[in-house]
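Worksheet: the structure to be examined is printed underneath.
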Amino acid sequence: MATDSQNTHCILCQTPLRGRREARGVFCCAGCERVYEILNQMDDAAKASYLTAARQMGLVPSDIEPTADPGITQSNAALPEDRSAIRVARFHCEGMVCPSCGWVVEQVLGSAPGVRRVAADFFSGSAKVTYDLRETSDAALIAHLSPLGYRLSRITDSTRTGASRRATLDLIISAVLTMNLMTLSFARYAEGFGWIDAPPAFLAWIEMLLLVPVLYIGWIPMVRRAMAALKRGRMTMDFLISIAVGAAAVLSVAAMITHRPDIYFETCAGLVTISLLSGMIEARIRERAFSDLAPLLSLSIIRVRSIDPDGNERYLDVNQVVRGDQVRFFKGETIPFDGEVVSDRAFVSEAVLTGEPVPRRKVPGDFIAAGSKVVEGQVSLTVVRQFKETRLHAIASSVAETMATSETRLRSQDRIAAWFAPTVLAIAAGAWLVRLAAHGIDAALSPAGWFPSVAVLAVACPCAFSLAGICAVTAATGTLLKKGILVKDLAELEILHTVNHVIFDKTGTVTQGEMNVDRIAWRNAPRDASLELVLAAERGSDHPIAQGIRAYLTDAGITEVAGADAPGEDLSGQGRSVTRGDQTFAIGSAALFDDLFEPLHLTPGHTAVWFGRNGRAEGCFLFTDKVRPNTKAAIAGLNALGLTTELVSGDRDAVTQRVAEEIGIPQATGDVSVDQKKAVVNKRKSQGKTTAFVGDGTNDALAMDQATVSIALSHAADEALVASGFVALSKRPESLLDLFTVGKKLTKVIKTNYLWAFAFNTVFIPVAAMGKLVPVIAMLLMLASATAVLLNSLRVRR
């Protein structure tokens, strides 16, 4: 198996060595060395056949089909099946330098105890592992693979922002210190009830020292956020809480120095801790959204095959490919560049940017846009634009910028704070001015004079106010997740009830995104012999239409004509043909036939694929992209909720209109581009409608970005998933009804929570202004109000 390039290239995969290790020859990596050893254990015929097939695929030796699943060990088989113990995890895998490494990672991880299945991909640098938690763990898998030089890291761990982890740590520290503060403050409360004599004075100083780290962890960042918002002309909930905590702290220090009993150190810590709890919940919701979303994202290509001037393949990082380089892609792979085709034959799906489900044949000189996917054959192209220069990258960058600048906190709190905080400040100032007018300046400046005003600020922000929105939202996100809806954007969940117009993409959203045979239209009587020739002509083709025809005829009991010994011949993208005697049987577009007929049952929503002999059409297959089950009922349900609906698509207008009519959508537009979809959303908004956009393609991402609420399907392109505020994990159209129903109920619960918080303030702010509020009573009332909010929030789950 050695070659003339033995000293410069890997003897297995021909990757340049670049100083890599030697063993039984020269190899680019430990993976190739291991594969080489396995190949040498095969007989010559098996080895030659294997290498030929593997190199044709460009993946040495990923085409091996093991006789048994290597991921199922004896220990696996001995355990009873428990679905709750099975986990599917995605890992980044560093150290893979050629396709052989992917195969080695599969074999090594597959042999680990508890591993059920492994799929490693060299080009994305990733591995998907299905394993049993009762027998192994992430750490065990990482340790199992590390001796070979491959480093695994969980994708969810490597992509998380760390906000949730930091928020949780801050909450834990603050909560522990707050509990100690409350324990020490019990001595003062016991004195107030007459249970004990005066507690030692130093206890108050200890309380103050315990409060300092709590203020540093939670209050100072809160003040910074509040000041930043004030510079933008906004008064947020952070401002209200920071004023309350600061006022309570000042009151407590002054009371401690003047030997007054009005010490609020534990109240300060409690307010900060409740605020940190609210922030932690928000961070956890966001992290859970992106963690649950990670397995849905189709992993981006990070390496590609580059062809040098001598025709040798090299594996380069996608960012190393420059304009003018020649690259090659095989069936199932996504093309990350704009380029010009130089290979002979391939079918490519451009649905990622056009929404059109039918693959297109590409011949030398044709242009291919980034994001297209190879569905048949292989594609070699000359790079015209690097990834960062492509339309696909522009869309992704636009969405990423929007995500980076979007608000993550609950907007309802800040809207309320915008008028509530000035009102509270005015009441506090009014209480002080009353004392100034009634008792003079000396009395007003004394501790007894300013204590009621500061007490107003302290009591004005109970726990219920901080938890009113976030607790209801948390309950709603859990409920929606059970119903198959993942919430990514809390702000969109809050305003979901305002939506009155829903725009749907067609292909892959309300339809299944697959070409299916609806029926066969015949010129004369049906002839099974012709259908047998259809199977013969389509044999060997991986085109989606060919696959649909084979599946349809197989289900109908049609078998291939006897004596067929060769697959059909491709006819330059128009179809395929097979010769029997002096007759040529063809199947494909109308251009292949001189004598056509008018098919019965042909509608504007059908795609016709003709077949016949010697230029005379005998019949045609009528293809449709089927509507998802129960879509019509879901649309009717949305209408019943008071929502209007609209359908847009990059597909032909006639097809779009037909689908809209079938599912009961009154307004539809076809032949729309990426920018036109965005324009449709903006037009509806200019008409005063609050829009939601439901889509699944990269060509939907900009429209989703412009919509008030955006919903993506779980199989959606990465850009659509990132742009969306919600992800429908299930394929049930009815889940949209669940989403909007929960959204309306959430609004009612949040309003009730805020009403309770306002009631608390309405009653007890006057009490505080009169100087009648005792700290222990304030703490008990705060606990009672928070409990009421928590219980009311659970109504969302019913």
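The values are calculated or read from the model by the stated rules, or taken from the named source; none is laboratory data. Not measured: the values here are computed from a predicted model. Here Cβ is always computed from backbone atoms with ideal geometry, including for glycine, and neighbour counts include all displayed protein chains. Accessible surface is based on the protein model in full, side chains and every heavy atom, while ligands, DNA and RNA are left aside. Shrake-Rupley method; radii C 1.70, N 1.55, O 1.52, S 1.80 Å.
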- Message: List the residue pairs whose Cβ atoms are under 8 Å apart, where the first residue sits in region 327-338 and is assigned to a loop (DSSP other than H, G, I, E, B) and β-branched (Val, Ile, Thr), the second is at pLDDT below 80 and buried (at least 24 other Cβ atoms within 10 Å of the Cβ), and the two are 6 or more positions apart or on different chains.
- Response: Ile335/Gly371
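Taking region 186-205 only, how many residues are open to solvent by 50 Å² or more (accessible area, probe 1.4 Å) and closer than 17 Å to Gly270 by Cβ? Give the steps one after another, and end with the answer.
Narrowing region 186-205 to residues open to solvent by 50 Å² or more (accessible area, probe 1.4 Å): 186, 191-198, 200-202, 205.
Those left that are additionally closer than 17 Å to Gly270 by Cβ: 186.
Residues flagged as open to solvent by 50 Å² or more (accessible area, probe 1.4 Å) and closer than 17 Å to Gly270 by Cβ within region 186-205 amount to 1.
Strands (runs of 3 or more DSSP E) wholly in region 657-737 with at least 2 residues that are modelled with pLDDT under 90 and either under 18 Å from the mean Cα position of the chain (by Cα) or not basic (Lys, Arg) (or both) - which ones? If you could, list the steps in order and put the result at the bottom.
Details: elements: 667-669, 691-695, 709-713, 726-728.
The qualifying strands (runs of 3 or more DSSP E) are 709-713, 726-728.
Only one residue in Arg188, Arg224, Arg234, Arg166 is on the phi < 0 side of the Ramachandran plot, out of contact with any helix residue (DSSP H, G or I) (no Cβ under 6 Å at 6 or more places or on another chain), in a loop (DSSP other than H, G, I, E, B) and not aromatic (Phe, Trp, Tyr). Which one?
Numbers: Arg188 fails: in a loop (DSSP other than H, G, I, E, B); Arg224 fails: in a loop (DSSP other than H, G, I, E, B); Arg166 fails: in a loop (DSSP other than H, G, I, E, B).
Answer to the selection: Arg234.
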- Is it fair to say Asp528 is open to solvent by less than 10 Å² (accessible area, probe 1.4 Å) and either modelled with pLDDT of 85 or more or touching a helix residue (DSSP H, G or I) at 6+ places or on another chain (Cβ under 7 Å) (or both)? no
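Kindly indicate the residue of region 782-798 that is open to solvent by less than 30 Å² (accessible area, probe 1.4 Å) and small (Gly, Ala, Ser) and also modelled with the lowest pLDDT among those meeting that condition.
Within region 782-798, the first condition is being open to solvent by less than 30 Å² (accessible area, probe 1.4 Å), and the residues that meet it are 782, 785-786, 789, 792-793, 796.
So of that shortlist, the ones also small (Gly, Ala, Ser) come out as 785-786, 793.
Numbers: Ser785: 74, Ala786: 71, Ser793: 79.
Checking each candidate, the answer is Ala786.
Within the group Arg260, Arg232, Arg224, which residue is open to solvent by 10 Å² or more (accessible area, probe 1.4 Å), of a type in the set (D, E, K, R) and at pLDDT 80 or above?
Values: Arg260 fails: at pLDDT 80 or above; Arg232 fails: at pLDDT 80 or above.
Among Arg260, Arg232, Arg224, only Arg224 is open to solvent by 10 Å² or more (accessible area, probe 1.4 Å), of a type in the set (D, E, K, R) and at pLDDT 80 or above.
Take Val375 and decide whether it is open to solvent by 10 Å² or more (accessible area, probe 1.4 Å), more than 22 Å from the chain's Cα centre (by Cα) and at pLDDT 70 or above.
Values: open to solvent by 10 Å² or more (accessible area, probe 1.4 Å): yes; more than 22 Å from the chain's Cα centre (by Cα): yes; at pLDDT 70 or above: yes.
Yes.
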- Counted residues, region 458-488 - those being over 35 Å from the mean Cα position of the chain (by Cα) and either at pLDDT 70 or above or under 20 Å from Asp738 (Cβ atoms) (or both): 0
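Using the structure shown, decide if Ala591 is in contact (Cβ under 8 Å) with a residue 24 or more places away in the chain, open to solvent by 10 Å² or more (accessible area, probe 1.4 Å) and of a type outside the set (D, E, K, R). Working first, answer last.
Details: in contact (Cβ under 8 Å) with a residue 24 or more places away in the chain: no; open to solvent by 10 Å² or more (accessible area, probe 1.4 Å): yes; of a type outside the set (D, E, K, R): yes.
Judged against the criteria, Ala591 is not a match.
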- Item | Members of region 94-119 that are touching a strand residue (DSSP E or B) at 6+ places or on another chain (Cβ under 7 Å) and modelled with pLDDT of 80 or more | Val105, Glu106, Leu109, Gly110, Gly114, Val115, Arg116, Arg117, Val118, Ala119
- Message: Here is a check on your reading of the model: is Lys632 at pLDDT 85 or above and surrounded by fewer than 18 Cβ atoms within 10 Å (Cβ to Cβ)?
- Response: yes
- Message: Condition first: in a helix (DSSP H, G or I) and either out of contact with any strand residue (DSSP E or B) (no Cβ under 6 Å at 6 or more places or on another chain) or at positive phi (or both). Now tell me which residues in region 600-637 satisfy that.
- Response: Thr631, Lys632, Ala633, Ala634, Ala636, Gly637
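Pick from region 531-574 the residues that are among the small types (Gly, Ala, Ser) and at pLDDT 80 or above: which of them is surrounded by the fewest Cβ atoms within 10 Å (Cβ to Cβ)?
If we filter region 531-574 for residues that are among the small types (Gly, Ala, Ser), which is where we start, we get 536-537, 540-541, 546, 548, 551, 556-557, 562-564, 566, 568, 572-573.
The next check asks that each one be at pLDDT 80 or above; those that pass are 536-537, 546, 548, 551, 556-557.
On the way: Ala536: 25, Ala537: 30, Ala546: 23, Gly548: 18, Ala551: 12, Ala556: 11, Gly557: 8.
Looking at the filtered set, the residue picked out is Gly557.
Scan region 636-664 residue by residue and report those that are of a type in the set (Ser, Thr, Tyr) and within 19 Å of Gly743 (Cβ to Cβ).
From region 636-664, those of a type in the set (Ser, Thr, Tyr) are 644-645, 649, 656; that's our starting set.
Selection gives Thr644, Thr645.
For region 646-656, how many residues meet the condition of being more than 24 Å from Ser735 (Cα to Cα) and either at pLDDT 85 or above or among the basic types (Lys, Arg) (or both)? Even if it seems obvious, please write down each step before you answer.
Restricting attention to region 646-656, the residues satisfying the condition of being more than 24 Å from Ser735 (Cα to Cα) are 650-655.
Within this subset, residues satisfying the condition of being either at pLDDT 85 or above or among the basic types (Lys, Arg) (or both) are 652.
Number satisfying all stated conditions: 1.
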- List every residue pair whose Cβ atoms sit under 6 Å apart, with the two residues 6 or more apart in sequence or on different chains, where the first one lies in region 784-798 and is over 19 Å from Leu493 (Cα atoms) and the second, anywhere, is open to solvent by 70 Å² or more (accessible area, probe 1.4 Å). Ala788/Trp756
- Note on the structure: Checked region 492-525 for anything surrounded by 16 or more Cβ atoms within 10 Å (Cβ to Cβ), farther than 30 Å from Ser673 by Cβ and either among the polar types (S, T, N, Q) or in contact with a Cys (Cβ under 8 Å, 6 or more places away or on another chain) (or both); matches are Ile520, Ala521
